[in-house]
Amino acid sequence: MPVRLVCDSTADLSDADRDAGRVIVVPLTVIFGEEALIDGVDIDAARFYERMRTSTHNPTTSQPAPAEFEAAFRDAAADGSSVVCTTLSAEMSGTHGAALQAREAVPELDVHVVDTRTVAIGHNALVRAAVEAVAQGRSAAEIVELIRAIIPRQRSVFTVDTLEYLRRGGRIGGARALLGSVLNIKPVLQVADGRIEAHDRVRTYQRALDRIASEVITATGETGRRARVVLGHADRLADCRGLADRVRDHCEGEPDIIEIGPIVGCHAGPGTIGLSFYLP
């Protein structure tokens with residue numbers, strides 16, 4: 001059977017990637033005060049960060065309803081396709097639970113729901129791998145197996161200008177201990193077992209970027225293999241391009257750069273930059 005892909009909007013797919021891979025995206029919602037905005041429909045990353053800098057409201061997010069996933073599954077399976085759906089980590093959001101509820105509502109369809117245990121750049125990298133597998137004609141079961149094989153090998157590391165947004169959103173996990181650090185300390189964070197955890201701390205933003213680049217450089221140097229890399233930024237394109245230049249020689253193909261969207265942006269804040277990689 002052919003396979004169609006569904007993911008939530010934290011994968012931050014561009015319109016071109018979405019169209020090329022025939023991926024159906026189920027959006028989360030950004031809330032500014034009393035105003036609810038659909039991610040990727042009512043607001044994009046550029047407008048979000050511009051508004052975040054000037055808004056008196058601290059934005060929050062809301063997960064999709066199960067009915068939204070159900071509609072996406074029915075749409076994806078309309079031609080008889082099997083469906084593979086990826087979601088951000090269940091440790092960070094109830095989105096995965098909503099997708100599981102939707103799967104139960106369509107027992108007549110062949111739907112597979114995968115908790116990626118990650119978000120944003122990590123989620124994006126897994127969807128890219130799934131799109132390639134669909135193009136190769138792999139079955140839904142094979143694609144699920146591929147994604148689950150990559151997850152424990154994947155490393156996602158990033159830095160933020162401040163931990164305040166993560167603290168407000170309750171997504172800080174084991175990085176909470178860094179909250180007491182002096183102001184000129186820059187945290188290097190990681191996604192570990194589905195949660196945001198402390199990885200290191202350095203004195204400057206540039207050293208944080210050096211530390212992030214070293215993750216790829218060290219891993220590929222130890223194995224002699226090149227990595228699949230996705231880089232992401234929240235309102236820091238120039239810095240992200242510089243980071244891409246640092247790791248380019250260690251990548252399998254050209255490293256992909258994405259703009260981290262409003263959903264993760266609400267919790268990580270402007271100035272976030274990082275990368276996710278795995279060795280094929």
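The values are calculated or read from the model by the stated rules, or taken from the named source; none is laboratory data. Fair warning: this is a prediction, and the values are worked out from it, not measured in the lab. So basically every Cβ, Gly included, is an ideal-geometry build from the backbone, and we count neighbours across all protein chains shown.
Residues being outside any loop (DSSP other than H, G, I, E, B), crowded, with 19+ Cβ neighbours inside 10 Å and out of contact with any Leu (no Cβ under 9 Å at 6 or more places or on another chain): count how many of those fall in region 232-250.
1
Please find, among GLU215, GLU142, GLU164, GLU197, the residue that is in contact with a Phe, Trp or Tyr (Cβ under 9 Å, 6 or more places away or on another chain) and either at pLDDT 95 or above or not assigned by TED's automatic domain parsing to the domain that holds ARG18 (or both). Write out each step before concluding.
Details: GLU142 fails: in contact with a Phe, Trp or Tyr (Cβ under 9 Å, 6 or more places away or on another chain); GLU164 fails: in contact with a Phe, Trp or Tyr (Cβ under 9 Å, 6 or more places away or on another chain); GLU197 fails: in contact with a Phe, Trp or Tyr (Cβ under 9 Å, 6 or more places away or on another chain).
Every option except GLU215 fails the conditions.
Would you mind listing the helices (runs of 4 or more DSSP H) fully within region 25-127 where at least 2 residues are under 26 Å from LEU237 (Cβ atoms)?
The qualifying helices (runs of 4 or more DSSP H) are 45-54.
Look through region 46-82, keep the residues that are of a type in the set (Gly, Ala, Ser) and farther than 23 Å from LEU5 by Cα, and return whichever of them is farthest from the chain's Cα centre (by Cα).
SER55
Within region 207-231, count every residue that is outside any helix (DSSP H, G or I), surrounded by 19 or more Cβ atoms within 10 Å (Cβ to Cβ) and out of contact with any Cys (no Cβ under 9 Å at 6 or more places or on another chain).
The qualifying residues number 1.
Quick one: would you say THR204 is surrounded by fewer than 15 Cβ atoms within 10 Å (Cβ to Cβ), assigned by TED's automatic domain parsing to the domain that holds PRO262 and modelled with pLDDT under 95?
For THR204, the condition - surrounded by fewer than 15 Cβ atoms within 10 Å (Cβ to Cβ), assigned by TED's automatic domain parsing to the domain that holds PRO262 and modelled with pLDDT under 95 - is met.
Go through region 212-248 and give me each residue that's free of Cβ contacts under 8 Å to residues at least 24 places away in the same chain and among the basic types (Lys, Arg).
Of everything in region 212-248, those that are free of Cβ contacts under 8 Å to residues at least 24 places away in the same chain and among the basic types (Lys, Arg) turn out to be ARG241, ARG248.
Would you check which residues across region 254-280 are touching a residue at least 12 places away in the same chain (Cβ under 8 Å) and assigned to a loop (DSSP other than H, G, I, E, B) and list them?
PRO255, ILE260, GLY261, GLY269, PRO270, GLY271, THR272, LEU279, PRO280, listed by residue number.
Of all residues being surrounded by fewer than 17 Cβ atoms within 10 Å (Cβ to Cβ) and farther than 30 Å from GLU108 by Cβ in region 55-64, which is modelled with the highest pLDDT? Just the residue, please.
My answer is THR60.
Taking the conditions exactly as written (modelled with pLDDT of 95 or more, among the hydrophobic types (A, V, I, L, M, F, W, C) and assigned by TED's automatic domain parsing to the domain that holds VAL131), does ALA67 satisfy them or not?
When the stated conditions are applied, ALA67 passes them.
With respect to GLY180, is the statement that it is within 26 Å of ARG207 (Cβ to Cβ), in contact with an Asp or Glu (Cβ under 7 Å, 6 or more places away or on another chain), modelled with pLDDT under 80 and not hydroxyl-bearing (Ser, Thr, Tyr) true?
The answer is no for GLY180.
Among the residues of region 239-252, write down those that are within 27 Å of ASP8 (Cα to Cα) and in contact with a Lys or Arg (Cβ under 8 Å, 6 or more places away or on another chain).
CYS251, GLU252
Within region 73-101, work out how many residues are touching a helix residue (DSSP H, G or I) at 6+ places or on another chain (Cβ under 8 Å), among the hydrophobic types (A, V, I, L, M, F, W, C) and more than 23 Å from THR60 (Cβ to Cβ).
So the count comes out to 4.
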